[in-house]
Amino acid sequence: MITRRQQNAARKKAAEMIRAAGVRITDTEAAGIEVVDFGLSHLEKEGVQVLTLVQTERISIKVLVLFADQSEPEHWHPPVGEDPGKEETVRVVSGTVYFYIPGENTFNRGFIVAGKEDCYTMRNEIVMKPGDQITLQPGEKHWFQAHSEGAVMYSFSTIARDALDQFTDPGIERITKIVDE
Ligand code: ZN
């Protein structure tokens, strides 16, 4: 749950970061940035800001914004019917991103949200800078975190069905509740 005020502030900050990264967006797009707290009610620690540029029955193109030290919780994209699940490429536009995928434990520069060791189990660390990108296969667990300056990324994928994404943290609800104060 986030308040309307938090939603508006996060949208404004995300739009500024996107524009500062050199990505042109309209005011209408800026006003439509989705602020996601994953139902955890501490947006600044775990959350993501999402601007959807393209969403069709086959592909999805989004701009993702992480604020400084904000983590997108560990998740994977499950099969849906005949579809093996979402394949996703994340490309960094600005900032430094610590990306975690299956493999050897090389955890070094990022941090685990306090008390959430069981919810962030992938510890193979990839340090990503502007121009770096990573492609995630369907079903591959991943989570990522922005370093101190925050980060702007593109996400190119086959159709996104965000509501069906699976998370390691059982406390997560993908739909963010907004409350008016
Ligand atoms: Zn993902």
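Taken together, the values in this text are just the output of simple stated rules run on the coordinates, not laboratory data. Remember, it's a predicted structure, so these values are computed and weren't measured experimentally. Using ideal geometry, Cβ is built from the backbone for each residue, glycine included, and neighbour counts are taken over all protein chains shown.
Descriptive notes on the structure:
- Long-range tail of P(r) for the chain (Cα pairs > 29 Å, %): 14
- Rounded to 5, percent antiparallel among DSSP beta bridges of region 2-179: 95
- Computed label-point distance, nm, for sites D118 and A9 using a 7 Å Cα→Cβ extension: 3.2
- Between the C-alpha center of region 1-80 and that of region 152-181 there is a gap of 9 Å.
- Unit charges on C-beta of K, R, D, E only; dipole of the chain, Debye: 520
- Proxy reagent accessibility, fewest Cβ within 10 Å first, across W76, W143: W76, W143
- The sum of -39500 (n - 2.57) across all DSSP H runs of n ≥ 4, divided by the residue count of the chain, sets its helix-only mean residue ellipticity at 222 nm to -3500 deg cm²/dmol.
- Relative contact order (percent, whole number), the chain, Cα cutoff 8 Å, 6+ residue spacing: 32
- For Y154, Y120, order by how many other beta-carbon atoms lie within 10 Å, fewest first: Y154, Y120
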